[in-house]
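Each remark here refers to the structure printed beneath this line.
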Amino acid sequence: MFRIDNASAVSALPAALAAGTPGYFGRGDPATGQIPTILTADWANMVQEEVIAVIAAAGIALDKANHAQLLAALQQMFQAKDGATVKITAASLTQNGYIVLADGSRSFMVAWGRFIATANGSTSVTFPMAFSSACFSVVVSGVVNAGTGSQDNTPAVVASTITATGFSVFNADDENDPTCYIAVGS
């Protein structure tokens, strides 16, 4: 990647014109007189600088002869400190889901979901996928119950019940409470 360097290039980034209506590139239509979309200097400079910003953030010097610098920058930025590449190894992007990032020997997982916390009692929640090693922490929130029996006692995680497969909450409210959670671990 390299900044444009032909004879018509300018030495400083020009101020961008005011934003217009967002749209898409068009091919044009000679039959109707519609011209193809004109590529502006503002748009070309924006694309150039966005790509260069990623390469620079990875600490890679621009090289006009290297056409794989953006790829190298992204690979470098998504590698663990020891050089192992971190990848998504499993995921379920649903209402009750999870995502697992791993570099071969280590993993990190985030799980989330919704459940109903039983009034004046404990509710057990099972993760949509068990953590391979341990769940470190669970946070619950999202109670929207404002009924007459509500005492503003939101469900709380019982820390001693957190395992690799799930957790329990205690709800001191007089009504069942719709509740959300997010959990992290390995």
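Of the residues examined, Y24 is one that is aromatic (F, W, Y) and modelled with pLDDT under 85. If only residues of the stretch 116-134 that are part of a strand (DSSP E or B) and modelled with pLDDT under 95 are counted, the one that is farthest from N153 (Cα to Cα) is I116.
Within the stretch 9-18, is there a residue that is more than 30 Å from A58 (Cα to Cα), outside any helix (DSSP H, G or I) and open to solvent by 90 Å² or more (accessible area, probe 1.4 Å)? So far as the stretch 9-18 goes, yes, one or more of its residues are more than 30 Å from A58 (Cα to Cα), outside any helix (DSSP H, G or I) and open to solvent by 90 Å² or more (accessible area, probe 1.4 Å). Filtering the stretch 32-47 for residues that are of a type in the set (S, T, N, Q), at pLDDT below 85, touching a Gly at 6+ places or on another chain (Cβ under 6 Å) and not in a helix (DSSP H, G or I) leaves a non-empty set. The requirement of being open to solvent by 40 Å² or more (accessible area, probe 1.4 Å), modelled with pLDDT under 95 and of a type in the set (D, E) is fulfilled somewhere in the stretch 169-177, by at least one residue.
Can you confirm whether S92 is open to solvent by 60 Å² or more (accessible area, probe 1.4 Å), under 30 Å from V125 (Cα atoms), small (G, A, S) and in contact (Cβ under 8 Å) with a residue 12 or more places away in the chain? Judged against the criteria, S92 is not a match. Scanning the stretch 19-52 for residues that are among the small types (G, A, S) and open to solvent by less than 80 Å² (accessible area, probe 1.4 Å) turns up G20, G23, G26, G28, G33, A41, A44.
Inclusion of T94 among residues that are among the β-branched types (V, I, T) and modelled with pLDDT under 90 is not warranted. For the criterion of being β-branched (V, I, T) and free of Cβ contacts under 8 Å to residues at least 12 places away in the same chain, T85 fails.
The values are calculated or read from the model by the stated rules, or taken from the named source; none is laboratory data. Note that this is a predicted model, so its numbers are computed, not measured. Please note: Cβ atoms are built from the backbone with ideal geometry, for glycine as well, and neighbour counts cover all protein chains shown. Side chains are part of the model used for accessible areas, which takes the heavy atoms of the whole protein and leaves out ligands, DNA and RNA. Shrake-Rupley method; radii C 1.70, N 1.55, O 1.52, S 1.80 Å.
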